[in-house]
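Quick one: structure below, then a few questions.
The values are calculated or read from the model by the stated rules, or taken from the named source; none is laboratory data. Keep in mind that what you see is a predicted model, and the values were worked out from it rather than measured. We place every Cβ from the backbone using ideal geometry, glycine too, and count neighbours over all the protein chains shown.
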Amino acid sequence: MKKALTFLFVLLIITLSYGQQNFDPEQDSPLPKNELKLNMLELLVMPAIGITYERFINDHSSYGIYGFVNFDTDTRYRYEKFELAPFYRIYLQSKKNASNKGFYAELFAGIN
């Protein structure tokens, strides 16, 4: 019985001392600065590949580039062989911890 009480006391002390640590989610787990996306729908629908690279400047803006390569230009869906489109995004969410998520306004230019 004495061992069980000692074990419970030690477990309680460990739990309470661990619970006193400060955790700030904004400071302790920062957002990733880079994001790479692969458009799987284009791979499934047609023989093409679309890749997007996005670099986050801060919690509400980012820039990046979208690249597209079409391996079959005879399809009706997309006729161009390639496309490069740099972009700049401003995220419109004003909620706390909604960094780089949700609706955004985008400026872009396409080269194909």
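Being in contact with a Leu (Cβ under 6 Å, 6 or more places away or on another chain), within 28 Å of Asn100 (Cα to Cα) and in contact (Cβ under 8 Å) with a residue 24 or more places away in the chain, is that true of even one residue in region 71-86? Step through it out loud before you land on a result.
Kept after step one, since they are in contact with a Leu (Cβ under 6 Å, 6 or more places away or on another chain), are these residues of region 71-86: none.
No; the residues of region 71-86 include none that is in contact with a Leu (Cβ under 6 Å, 6 or more places away or on another chain), within 28 Å of Asn100 (Cα to Cα) and in contact (Cβ under 8 Å) with a residue 24 or more places away in the chain.
For a quick check of your reading: which strands (runs of 3 or more DSSP E) sit entirely within region 2-112 and have at least 3 residues that are surrounded by 14 or more Cβ atoms within 10 Å (Cβ to Cβ), modelled with pLDDT of 75 or more and hydroxyl-bearing (Ser, Thr, Tyr)? Even if it seems obvious, please write down each step before you answer.
Working: elements: 34-38, 48-58, 61-70, 82-91, 104-108.
By residue number, 61-70.
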